[in-house]
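Encoded as structure tokens, the structure appears first; notes follow it.
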Amino acid sequence: MRFHNNQMLRLKEEAEMWMAERMGGWQSDVKPKEKRGVRMNFTSLLMTCLLFGSSVSWSFKRGAVDHTHHVRRCSVKMPSSCDVKNYEHWYKVGNSCVMYFNESLNFTDAEFRCRNAAPGGHLVSVHSSQANNDLNCIVLKYNKKSPRIWLGGFEFFTSRKWIWIDDSNWDFQAWVPGEPNNHFNKEDCLEMNWKENGKWNDDWCPKKKNFVCSFTN
Ligand SMILES: [Ca+2]
Ligand SMILES: [Ca+2]
């Protein structure tokens with residue numbers, strides 16, 4: 001069966017609404033040609049997620065459509081450019097200039113990459129909901145498909161206290177519900193965009209992820 005563009009868009013929207021209603025906020029970005037999937041009941045969707053694991057289940061995860069909303073909103077209002085000479089391609093977020101790095105490094109290597117990238121550079125710290133949103137806009141602009149990144153937060157030994165590696169105050173947080181869970185007693189570093197769009201998780205520091213650097217002048 002073939003559909004015109006408008007019909008396909010309608011179908012897509014209906015499919016998303018269908019998913020949103022039935023999955024309690026979980027949404028899907030199923031494509032119209034995959035509309036057969038829309039008729040799957042919740043159980044079979046759950047089975048699909050369980051069978052194929054987290055990477056394949058991304059499209060069924062909470063936040064998958066939120067990415068679209070974010071990108072749409074971000075395209076209207078991306079953060080402005082950094083106003084520091086030679087760093088105009090970086091973005092202004094809060095009081096800092098930030099840049100996305102499409103390099104997969106462990107937490108420590110990412111931090112040292114940031115220190116080399118700009119004077120006073122560190123993995124980014126986040127101090128407000130607005131800054132968190134702006135940061136996520138930048139991440140989604142550069143890598144919507146794989147948005148997990150290191151932020152510059154880590155647990156101070158086993159204190160359950162979190163600190164920013166740029167030594168700024170820990171005055172804002174946006175954890176995924178249930179996080180930080182210190183899984184296997186080995187998660188001490190802070191990532192964004194695992195499971196929920198824009199939300200934070202503690203993860204194993206040796207894992208390699210892309211990251212965002214920042215500096216404040
Ligand atoms: Ca920990
Ligand atoms: Ca965790």
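Just so it is clear, none of the values below were taken in a lab; they were calculated from the coordinates. The structure displayed is predicted, hence computed values, not measured ones. Neighbour counts are summed over all protein chains in view; Cβ atoms, including those assigned to glycine, are modelled from backbone coordinates with ideal geometry.
Descriptive notes on the structure:
- Formal net charge of residues neighbouring VAL124 (Cβ-Cβ distance under 11 Å; K, R +1; D, E -1): -3
- Counted charge near ASP134, where neighbours are those whose Cβ lies closer than 13 Å (Asp, Glu -1; Lys, Arg +1): +4
- Binning the alpha carbon pair distances of the range 80-215 at 10 angstrom intervals from zero yields the distribution 13, 48, 33, 5, 0, expressed in whole percent.
- Across the range 181-196, computed HN-Hα scalar couplings (Karplus, 6.51 cos²θ - 1.76 cosθ + 1.60, θ = phi - 60°) run 9, 6, 3, 6, 6, 9, 9, 10, 10, 9, 10, 10, 6, 8, 6, 10 Hz from first to last residue, x flagging Gly and Pro.
- Charge tally for ASN182 (other residues, Cβ to Cβ under 13 Å; Lys, Arg +1; Asp, Glu -1): -3.
- Of LYS85/LYS195; LYS77/LYS186; LYS85/LYS161; LYS92/LYS195; LYS77/LYS161, those spanning more than 32 Å from alpha-carbon to alpha-carbon: LYS85/LYS195; LYS77/LYS186; LYS85/LYS161; LYS77/LYS161
- Dividing the convex hull volume of the alpha carbon atoms of the range 122-190 by its residue count gives 102 Å³ per residue.
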